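One structure below.
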Amino acid sequence: MANEEDDPVVQEIDVYLAKSLAEKLYLFQYPVRPASMTYDDIPHLSAKIKPKQQKVELEMAIDTLNPNYCRSKGEQIALNVDGACADESSTYSSKLMDKQTFCSSQSTSNTARYAAALYRQGELHLTPLHGILQLRPSFSYLDKADAKHREREAANEAGDSSQDEAEEDVKQITVRFSRPESEQARQRRVQSYEFLQKKHAEEPWVHLHYYGLRDSRSEHERQYLLCQGSSGVENTELVKSPSEYLMMLMPPSPEEEKDKPVAPSNVLSMAQLRTLPLADQIKILMKNVKVMPFANLMSLLGPSIDSVAGLRGIQKVAMLVQGNWVVKSDILYPKDSSSPHSGVPAEVLCRGRDFVMWKFTQSRWVVRKEVAAVTKLCTEDVKDFLEHMAVVRINKGWEFILPYDGEFIRKHPDVVQRQHMLWTGIQAKLEKVYNLVKENLPKKSDGQSGPAALLSGDQRVQVAKSKAQQNHALLERELQRRKEQLRAPAVLPGVRIKEEPVSEEGEDEEDREAERARE
């Protein structure tokens with residue numbers, strides 16, 4: 001109370017929010033000048049802007065009669081830039097550096113907290129700023145001088161060579177055809193610095209007309225900085241409740257936001273979550289948990305939710321993998337999103353993640369390098385897919401994060417069959433997109449009837465040896481059968497073959513002929 005008495009309210013000022021220039025008002029920050037000189041006193045020769053980039057260029061005259069101006073230096077700069085011959089395309093038509101260009105850069109990307117204020121007749125009128133631009137001198141004329149110098153040197157070299165050679169040599173020209181650009185290469189090109197610079201250069205300049213401070217047009221435009229009308233229609237945003245006004249004055253700090261307990265949706269508490277429709281509850285839970293058994297989902301939804309309604313809702317946002325539910329890829333990667341690592345579009349990410357999910361329907365284990373080789377995605381994207389639904393095991397690969405839920409498979413065979421049909425369609429699409437060879441694909445599971453068997457390295461070696469022995473025995477039997485066919489005489493009807501004893505040398509010769517025929 002004592003502090004309030006020492007600091008009494010001197011005056012109350014009404015605040016108005018003007019929006020007539022809310023999307024058009026820019027604040028220009030000029031370089032520092034002496035207090036006796038204002039930029040309005042300097043003639044502005046031209047002005048132009050690129051609205052999308054919020055980039056401005058101003059040409060301002062230089063006082064060549066000022067005693068501090070070095071005329072010889074100005075003439076030298078003009079000569080270096082334009083050369084000895086001046087024409088309409090010359091930068092300095094007066095053969096003297098008599099103007100300077102200023103280019104802008106954004107001072108801040110977030111201008112929501114800034115406004116231009118105009119105080120008049122006891123009222124304060126605020127207009128939100130659309131952009132804050134800092135103007136700095138541009139030295140592009142130096143680049144032109146360098147280009148002129150290189151042109152002169154090239155012309156001199158060409159003149160010397162033409163005197164030495166009476167006839168220009170024939171040069172071989174190599175023609176190259178560019179390969180079709182892949183989707184991943186196109187995304188890298190679009191995100192490159194050269195491509196962005198080219199897009200910025202392609203935006204056309206919009207030429208502006210500059211009006212001075214005391215110009216009648218400027219005075220007319222300044223009237224738009226005042227709130228139009230006194231009915232208060234434009235000032236509804238300034239009418240806040242005491243709690244809202246206090247929150248605007250003292251917003252919570254980022255540290256306090258981080259200290260709050262994380263809810264399943266990272267935004268809502270369980271109490272707030274259960275106020276939403278059932279479909280939204282399931283979607284929020286699956287989007288954050290990624291993988292969940294159906295029993296855990298029902299326990300989070302509460303006892304009032306029927307299991308039939310839960311099954312109906314979970315099938316819209318998740319797919320069945322080894323008896324557990326994994327959130328669908330298009331829920332995590334919406335249509336117009338892209339990868340934060342490589343920039344590939346959401347469609348490619350969804351396809352790659354579906355391949356990982358499908359692999360886990362065939363086996364408990366997945367190897368990251370095999371997934372990357374098939375999907376052609378970067379390591380970071382593939383790692384994100386696997387971390388959603390698996391854990392890494394040293395020298396083994398990635399194992400599915402949850403155990404096989406055989407109880408759900410037994411209780412809901414109709415859901416399992418429906419999911420098996422969906423996975424069959426997804427597999428056909430993946431085979432077409434990734435050119436998968438059907439012979440090398442794992443055998444399709446019967447509705448995910450059971451967990452895949454795991455074999456150690458020694459067991460795989462023993463299986464390979466037994467298969468090799470079986471194949472060897474089959475080949476031996478086939479070879480023996482063909483030998484017998486070759487030795488058996490071909491008997492024609494009505495023909496009698498005379499049988500005579502054959503020596504051992506004859507038998508060896510017949511064996512050799514049969515062997516050559518078999519080969």
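The values are calculated or read from the model by the stated rules, or taken from the named source; none is laboratory data. All of these numbers come straight from a predicted model, not from anything done at the bench. Please note: Cβ atoms are built from the backbone with ideal geometry, for glycine as well, and neighbour counts cover all protein chains shown. For accessibility, only protein heavy atoms count, side chains too; no ligands or nucleic acids. Shrake-Rupley method; radii C 1.70, N 1.55, O 1.52, S 1.80 Å.
Brief remarks follow.
- Shape category assigned to the range 270-434 from the gyration tensor of Cα positions, a/c cut at 1.5: prolate
- As a fraction of the 1.4 Å probe accessible area of the range 270-434, surface on carbon and sulfur atoms comes out at 55 percent.
- At full extension, A201 and R120 could sit 24.9 nm farther apart than now, given 0.36 nm per residue minus the alpha carbon distance.
- Inter-label distance, E407 to S307: 1.0 nm, where each label sits 7 Å from its Cα along the C-beta direction.
- When each of the peptides 145-153, 95-103 is scored by how many other beta carbons lie within 10 Å of its residues on average, the order from highest to lowest is 95-103, 145-153.
- Normalised per residue, the accessible area of the range 373-417 is 58 Å², obtained with a 1.4 Å probe and no contribution from ligands, DNA or RNA.
- Peptides ranked, highest mean first, by Cβ atoms within 10 Å: ranges 181-193, 333-345: 333-345, 181-193
- Residues M389, M247, ordered by accessible area of protein heavy atoms at a 1.4 angstrom probe radius and largest first, appear as M247, M389.
- Prolate/oblate/rounded label for the range 353-398 (Cα gyration tensor, a/c 1.5): rounded
- Partner lysines whose Cα lies under 19 Å from the Cα of K95, excluding those fewer than 8 positions away in the same chain, are identified as K73, K144, K148.
- Among the listed pairs K290/K432; K52/K376; K376/K432, those with a Cα-Cα distance over 25 Å are K290/K432; K52/K376.
- Rel. contact order, % - alpha carbon contacts under 8 angstrom, at least six apart, the range 270-434: 20 percent
- Whether the range 76-139 is rounded, prolate or oblate, judged on the alpha carbon gyration tensor where a/c under 1.5 counts as rounded: prolate
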